[in-house]
Amino acid sequence: EEILCVAFPDWAYKAESSPGSRQIQLWHFILELLQKEEFRHVIAWQQGEYGEFVIKDPDEVARLWGRRKCKPQMNYDKLSRALRYYYNKRILHKTKGKRFTYKFNFSKLIIVNYPLWGVNYTPMIQMYELPRSL
DNA sequence: CACGGAAGCT
DNA sequence: AGCTTCCGTG
């Protein structure tokens, strides 16, 4: 049994208009939570389907996202609207019928958002698998 | 819950 | 552009 881990280099975070400060994107944040053991009870990869994840505690994910963005009024209604904007961008899609379950379009994601990935061979997203025991 | 239009913010 | 806020619809 294995778990998927994801790591981003610094330049993956888009620079905000003001130089110096960097604004994290929601899908980065989601992947960040997914890679950490401590949030496994809040959000986790769905076994079987590659790239599919379940938000086990929507209120908590919204609270964490709100804390990161300094938006204390954040809730799942608003967060899920942001996730829905990812459908047309081909970053995510919904797993129909499964509550709080979404799926990353990893292949499209890298091509669309990081076209240089294949050119300079600098890995945008480093994915690697570790034994669950670690 | 899940969807998507519309307007607002930075 | 990438959300945030609000809300009507199914």
Which is farthest toward the positive dipole end of region A:35-79 among A:Val54, A:His41, A:Gly66, measuring Cα position about the Cα centre, with Cβ charges +1 (Lys, Arg) and -1 (Asp, Glu)? A:Gly66
For region A:40-51, Karplus couplings with θ = phi - 60° (6.51, -1.76, 1.60), whole Hz, Gly/Pro x: 4, 7, 9, 8, 8, 5, 7, 5, x, 7, 5, x
Using a 7 Å offset from the Cα along the Cα-to-Cβ direction at both A:Thr101 and A:Arg81, what is the distance between the two label points in nm, to one decimal? 2.7 nm
Report, in listed order, any pair from A:Lys71/A:Lys96; A:Lys69/A:Lys89; A:Lys71/A:Lys98 with a Cα-Cα distance greater than 25 Å. A:Lys71/A:Lys96; A:Lys71/A:Lys98
Contour minus Cα-Cα span, A:Glu32 to A:Lys69, at 0.36 nm per residue, comes to 11.9 nm
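Every number in this text was worked out from the coordinates using simple rules, so none of it is lab data. Computed from a prediction, not measured in an experiment: that's the story for all the values here. FYI the Cβ positions are ideal-geometry reconstructions off the backbone, even for glycines, and counts take in every protein chain you see.
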